[in-house]
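Scroll down for the structure; my scribbles are underneath it.
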Amino acid sequence: MMTTETGATADPVHLGDSASSIMNKVQEITGEIPQTQLTVEDLRRMREPVKRLVEAGRVLAVQEDQDGRRSARITLQDGQLFLHSLLHQPTPAHAHTLQESEVVGVLEPSCTLAFLDLGWAGSTRGRVTIRLTPDTPLARQFVLLCTGQRGHTYRNTKLLGVGHKGEPWEWVVGGDYKSNDGEGGAPLLPDLQGQYRRSARAGAVCARYVPRGPRCSQFAITTRDRVAVQWSDVFGDVVSGLDVVRAAVNHSDITEVTVVDCGVVLPL
């Protein structure tokens, strides 16, 4: 309201259409993004305001189904965005949320990277990053178990054993999300048959068992080059962190090595 020198009251002056429009102007000035407006495209562009939100742990992917609401952290490290496994956990105050289906929808089979964080003796020892072979059922299942999209996840599973320790065909096995003792790990997909590679290289990720039967979620990672015979049913390769796997092999008890976290790299 404005008052003239004579004391008469003038017509009111409107500063904006609504309180929300004023808040939007404030957010434009401060660089803060409204909680209801963050999109996957914002993650792609990764402008400074969005980068600050991700680095502060305020961006989550959420999924709601018959089992309730779960959320997954989205983190930024060395210029890469990581989507962690879905968990039943409280959503932090002032968090920005995206639908997990929208976030995972940007994954392309040709560039899918998954990760396993291994830990033992009370601490995380390092990240193992795996490039998955495009468009193979075992690779798709591995993504499902790293993200927890179907409720089951490799998170908190342990490595189950070491094969031929110290020999050229040394390998470790893991992936029993069900009983965590090597006796479980049913497949999540109805048909895991496909065209798989063979490899004799260290870092090959392959099926522990042929892609059929009741324990097809279990996987093996080779730690040394194999000379005469190739591994079959290979669906991925370790691109970083093979030294972490080798250090796990040298731990006194391989079953004390745990997948403390897992997820996928978002190719944004």
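If you average the C-alpha positions of region 77-151 and of region 202-240 separately, how far apart do those two centres end up, in angstrom?
20
Need the list of aspartates and glutamates near K158 for cross-linking: C-alpha distance under 16 angstrom, and skip anything on the same chain fewer than eight residues off.
Correct list for K158: D117, D176, D181, E183, D253, E256, D261.
What is region 140-241 by shape, rounded, prolate or oblate, if you read a ≥ b ≥ c off the alpha carbon gyration tensor as root eigenvalues and call it rounded for a/c under 1.5, prolate for a/b larger than b/c, and oblate otherwise?
prolate
Restricting the count to DSSP beta bridges whose residues both fall in the chain, what percent are antiparallel, rounded to a multiple of 5?
Counting DSSP beta bridges with both partners in the chain, the antiparallel share is about 95 percent.
Treat each spin label as a single point 7 Å out from the Cα along the C-beta direction, and report the L268 to R69 distance in nm.
In this crude label model, L268 to R69 measures out at 2.1 nm.
What is the Cα coordinate range of region 31-104 on the first, second and third principal axes, sorted by size from largest, in whole angstrom?
36, 25, 19
Run a plain Debye calculation on the chain (Cα atoms as equal point scatterers, no solvent) and give log10 I(q)/I(0) at q = 0.14 Å⁻¹, rounded to two decimals, same order as the q list.
At q = 0.14 Å⁻¹ the computed log10 ratios are -0.97.
When a/c reaches 1.5 or more, the comparison of a/b and b/c decides; with that in mind, is region 71-160 rounded, prolate or oblate per its Cα gyration tensor?
It comes out rounded by the Cα gyration axes.
How many nm separate the modelled label positions at V229 and L189, each set 7 Å beyond the Cα in the direction of the Cβ?
Each label point lies 7 Å from its Cα, and together they span 2.6 nm.
Note the per residue figure in Å³ for the convex hull of the C-alpha positions in region 114-167. Present the calculation step by step, with values, prior to reporting the outcome.
On the way: hull volume 6.7 nm³, N = 54.
Dividing the Cα hull volume of region 114-167 by its residue count gives 124 Å³.
Relative contact order (percent) for region 145-268, with alpha-carbon contacts under 8 angstrom and 6 or more residues of separation?
Reported relative contact order: 30 percent.
Of all the accessible heavy-atom surface of the chain, with the other protein chains kept in place and a 1.4 Å probe, what percent is carbon and sulfur?
Details: 6770 of 13950 Å².
Within the chain, the accessible surface is 49 percent carbon and sulfur.
For a test of the definition: using alpha carbon positions, the gyration tensor, and the 1.5 limit on a/c, classify region 208-268 as rounded, prolate or oblate.
It comes out rounded by the Cα gyration axes.
Where only protein heavy atoms count, and the probe is 1.4 Å, what is the accessible area per residue for region 124-179 in Å²? Working shown, then result.
Values: 2260 Å² over 56 residues.
On a per-residue basis, 40 Å².
The values are calculated or read from the model by the stated rules, or taken from the named source; none is laboratory data. The structure displayed is predicted, hence computed values, not measured ones. Neighbour counts are summed over all protein chains in view; Cβ atoms, including those assigned to glycine, are modelled from backbone coordinates with ideal geometry. Note: areas computed on protein heavy atoms with side chains; ligands, DNA, RNA excluded. Shrake-Rupley method; radii C 1.70, N 1.55, O 1.52, S 1.80 Å.
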